[in-house]
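These notes are about the structure you will find just below.
Since every read-out is calculated from the coordinates, none of them should be taken as a lab result. Fair warning: this is a prediction, and the values are worked out from it, not measured in the lab. Note that each Cβ is placed from the backbone with ideal geometry, even for glycine, and that neighbours are counted across all protein chains shown.
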Amino acid sequence: MWPGLPDNPPDAAVYWGFGKVYFFYGDEYVRFDIFKNVVDPGYIPPLKIAGNWKGWPGHWTGHIDSAVNWGNGKIYFFRDSEYLRYDISQDHVDPGYPIPISSGWPNVWPDKVDTVLYQGGNKAYFFKDSEYRQFDLATSTVDKVGQISSLSLDPVPQGMWTPSHELTLDQANEVMGYLIQSGKLSLSSTQTPYTGDWLTGITSPKPTTRVVVKPATIDGVNFINEAGPSPVIDNLDQRMLVCLYRLTQWVNASEPVIQVIRHLGIGHGNGPSTDCHNQGRALDFSGLEGTSSGVTFVRKVLQDWGNKQDISGKTLRLDPISDPLAHSLFLTVFRFGTFECECNGIGLQNKWPPKEIGDVGGFVIHPDYIDPPPPAKPLRSLHRNHIHMQIVPT
């Protein structure tokens, strides 16, 4: 079923995105391509974890007990009594890790977790021997324990793990319903009221309806339109609504705490009616507000990136030394866009590897964008003040 993998069973496996799964064997790993159904070239024989996973602790040798993708740009690895958090955007272990399992996952077993399951919803599941622990993400506590034989998983919509740009309208409608019923957001009760149940059938709005989010708050994060503040996000394609929710998860996956996402437009634009903005399928992200170690901050794409001087020999003007906060946050938003929105193709045409900042072209457009040669329209100069991301064609 997994051609090219070693014959011995893996210690752990984790889905990365873009159809890639990493399998871990002792102190080695391989990468498997789901679409091609093969181990990627260069991973036979397996590679060493140390030296290839940046920041990997030196005493973590021999095995990994379990690994899980948390769906917010972070992957958690568990070994013996410790766990660490790996950041997909920065491609390294987060500072301060590993730490004891008991300090981060109260009432889960303090050591040797066999495996972890997260479906993208409100619950996660930890397994050890014949038992399970159900972990509630909202309260960060275990709320159910029992034998695996009696386990009943909390239902989630089919599209909870599907990238926004691959969602069907029906899938996006179900995920939206799940988020509404989970208290993550609300729709305007007069313009696009929500009725029904995502599990048994949503009666309103229909999957093709562009919705109105009111108030303009998603999972506690306020969305502010710098081009003209409004208490709503309207004319919104439901796939982009799911995307906005996931953006709040990525930017709040760790310190700092983000309270505001600024933008220059979501449901409206200056182009024709078929334009991705006018169809509610695009976001022009322009900044973030929040607190870092208790100190309030504002970072805007224009003043903290687009207006910076070019750096000789470098394609990225974000400086991790002079402004590590802007560097980290904006790269996280960029990487989010390459995973959740159109990256180097449209829909299923998006292929590994995702675009990097210094690559030519692509659909995630930013202040250091490298324009393709003519006759392609130059876009870099038009995106000094925002990061553009979209779902399906422009």
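In units of 2.2 N^0.38 Å, what is the alpha-carbon radius of gyration of the range 161-266?
1.03
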* **Cross-link reach list, lysines versus K377, counting only Cα pairs under 28 Å and skipping chain neighbours closer than eight places** => K300, K308, K314, K351, K355
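Kindly state, as a whole number, the per residue volume in cubic angstrom of the convex hull around the alpha carbon atoms of the range 12-150.
Working: hull volume 17.4 nm³, N = 139.
Per-residue hull volume (Cα only) is 125 Å³.
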* Asked: From the phi of every residue in the range 254-260, what ³J(HN,Hα) in whole Hz does the Karplus formula 6.51 cos²θ - 1.76 cosθ + 1.60 yield, where θ is phi - 60° and glycine or proline is x?
  -> 7, 4, x, 9, 9, 10, 9
* Asked: In what order do K377, K314 fall by count of nearby beta-carbon atoms within 10 Å, going from fewest to most?
  -> K377, K314
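May I ask you to sort W16, W105, W60 by Cβ crowding, counting other Cβ atoms within 10 Å and putting the fewest first? Mind dumping the intermediate values first?
Numbers: W16 15, W105 22, W60 19.
Least crowded to most crowded, the residues run W16, W60, W105.
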* **Dipole-positive endmost among F336, S322, N307 within the range 301-351 (Cβ charges, Cα centre)** => F336
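What is the calculated FRET efficiency for V295 to D170, with r their C-beta to C-beta distance and R₀ = 41 Å, to the nearest 0.05?
Working: r = 44 Å, r/R0 = 1.08.
For R0 = 41 Å, the calculated efficiency reads 0.40.
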* Which of the lysines could a cross-linker span from K123 if the Cα-Cα distance has to be under 16 Å and same-chain partners fewer than 8 positions apart are dropped? -> K144, K184
* Using the Kyte-Doolittle scale, find the helices of the chain whose mean hydropathy is at least 0.5 and whose Cα atoms extend 15 Å or more along the helix's long axis, counting only whole DSSP H runs. => 324-340
* Asked: Which distance in Å, rounded to a whole number, links the C-alpha centroids of the range 1-77 and the range 157-179?
  -> 27
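Charges only on Cβ, +1 for Lys and Arg, -1 for Asp and Glu: so what's the dipole of the chain about the Cα centre, in debye to the nearest 20?
Details: 32 positive and 41 negative charges, 162 e Å.
That gives the chain a dipole magnitude of about 780 debye.
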* Label the range 8-84 by shape, choosing from rounded, prolate and oblate, from the square roots a ≥ b ≥ c of the eigenvalues of the Cα gyration tensor; if a/c is under 1.5 it is rounded, and otherwise prolate applies when a/b is larger than b/c, oblate when it is not. => oblate
* Structure fact -> Ranked by GNM mean-square fluctuation in the chain (Cα springs under 10 Å), the top entry among L241, L348, L329 is L348
* Summing -39500 (n - 2.57) over the DSSP H runs of n ≥ 4 in the chain and dividing by its residue number, what mean residue ellipticity at 222 nm do you reach, to the nearest 500 deg cm²/dmol? -> -4000 deg cm²/dmol
* Modelled label reach - D94, point 7 Å along Cα→Cβ, the range 257-275 residues with backbone N closer than 15 Å -> 257-258
* Ranking of F23, F35 by count of other Cβ atoms within 10 Å, fewest first -> F35, F23
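How big, in percent, is the set of alpha carbon pairs in the range 235-285 lying more than 15 Å apart? Intermediate values should be presented prior to the final figure.
Details: 619 of 1275 pairs.
Of all Cα-Cα distances in the range 235-285, 49 percent exceed 15 Å.
Calculate the translational D of the chain in whole µm² s⁻¹ from Stokes-Einstein, where the hydrodynamic radius comes from the Kirkwood formula applied to all Cα pairs, the temperature is 10 °C and the viscosity 1.306 mPa s.
Working: Rh = 22.3 Å.
D = 71 µm²/s.
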* Structure fact -> Per GNM of the chain with C-alpha springs under 10 angstrom, the most fluctuating residue out of T315, T203, T139 is T139
* **Centre separation in Å (Cα based) which lies between the range 276-291 and the range 337-358** => 18
